[in-house]
1. Please state the relative contact order of the chain as a whole percent: Cα pairs under 8 Å, 6+ residues apart?
2. With n ≥ 4 as the cut-off for DSSP H runs, can you work out [θ] at 222 nm for the chain, using -39500 (n - 2.57) per run divided by the number of residues, rounded to the nearest 500?
3. What is the Rg over Rh value, at two decimals, for segment 71-119, using alpha-carbon atoms and the Kirkwood definition of Rh?
4. Could you work out how far the C-alpha centroid of segment 221-244 sits from that of segment 24-76, in angstrom?
5. Going by alpha carbons, how many degrees (0 to 90, nearest 10) lie between the helix axis of 163-179 and the longest principal axis of the chain?
6. Stretched out fully, how many nm does the piece from residue 249 to residue 107 gain, at 0.36 nm a residue minus the Cα gap?
7. Can you order the peptides 30-38, 96-104 by their average number of other Cβ atoms within 10 Å per residue, highest first?
8. Taking a quarter of the surface of the convex hull around the Cα atoms of the chain, what do you get in nm²?
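Coordinate-derived values only; no laboratory data. Just so we're clear, the structure is a prediction, and the values are computed from it rather than from any experiment. As a convention, Cβ positions derive from the backbone with ideal geometry for all residues, glycine included, and neighbour counts pool all protein chains shown.
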Ligand code: KIV
C-alpha cells in the first residue's frame with residue numbers, strides 16, 4: 001500500500017503524526033535480506049528482542065544481550081531504505097535507572113543508525129521514557145503483555161481481563177504517552193481495553209493481539225510466514241507456509257547431492273556440458289541453472 005510518505009525515510013515524527021490516520025504497517029526483522037524484502041511494504045521495522053526466541057531458540061527474551069540487539073540492528077539498517085527502524089532495549093539494559101537506559105540507548109542509536117528504541121513497561125518506566133525523550137532518544141513504549149516480565153507474570157498471559165488490570169493498563173499507557181513516547185505497542189490485551197486506550201492516548205497505538213481499532217499492527221515476521229514451528233499465539237494469522245517450501249527445496253537438494261545430479265557442469269568452473277545437462281544451463285556458469293520451483297502455499 002502506498003502512502004504519501006513512501007519513497008522517503010519514514011521518521012518517528014511521521015509515525016507519531018499517523019495517529020487516527022492510515023493504519024501503520026509494522027513487522028519484526030532481524031536480518032538484512034528480510035529487512036530488504038519487508039521495507040517496501042512497511043512503515044516501521046522492529047528489531048525485536050524476540051530475536052532470542054525466533055533466531056536463537058531461547059525459551060524467553062530474558063537472555064538477549066545488548067550486543068545481540070546491536071548486531072541485528074545494524075543488519076536490519078543495512079537492508080532498510082524507507083521504513084523507520086526501531087531496536088528493542090533488552091532485559092537488564094534499562095530497568096536499573098534512567099541513566100543506565102540513556103547510556104545503552106545512546107549506544108544502540110550510535111552503533112546501529114536506527115531511529116529509536118523500544119522498552120517495555122508502563123508507569124514504572126515513565127521517568128525513564130521522559131529522561132530519554134528529553135535527551136533526543138525517541139522511545140516506542142510497550143504495555144500489556146510484557147515478555148521480559150515472563151517470570152513476574154507467571155507466563156505469557158492475556159492482559160486486561162479483570163477490571164483492576166484494565167484500569168492499570170490505561171494508567172500505564174497514559175503515563176508512557178505523557179512521558180513522551182512517540183507510539184505505544186499494546187500486546188496480548190483484551191480487545192475492548194486496547195480499543196479504549198487507543199481512543200484515550202494522543203499517540204499511535206500499535207497492536208499485537210490487541211484490537212483492529214489500534215493505529216497500527218505488528219506481528220513477528222516468522223510467525224506470519226509459517227517459520228516459527230507449531231506453536232504460534234492465537235493472534236497470529238499465517239500469510240504463507242514457507243516451512244513447506246523450505247522442506248521441499250532442501251529435500252530436493254539432498255536428493256540431488258546423494259544422486260550426484262548436483263552440482264551440474266553449469267555450476268562448475270571449466271567443466272564440459274554432458275548430454276544430461278545440455279540445455280539446462282551454460283557450462284561457463286553464465287546461464288541460469290535448472291531451478292526447481294518450490295510451492296509456497298498462501299495462508
Ligand atoms: O520483541 C518483539 O518482537 C516485540 C514485538 C512482538 C512487539 O516486542
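1. On the way: 588 pairs, mean separation 41.9, N = 299.
The value is 14 percent.
2. Calculated at 222 nm, the ellipticity per residue is -10500 deg cm²/dmol.
3. Rounded to two decimals, Rg/Rh equals 0.99.
4. 16
5. The angle comes out at about 80 degrees.
6. Going from the current span to full extension adds 47.1 nm.
7. Packing proxy ranking, top to bottom: 30-38, 96-104.
8. Mean projected area of the Cα convex hull: 18.0 nm².
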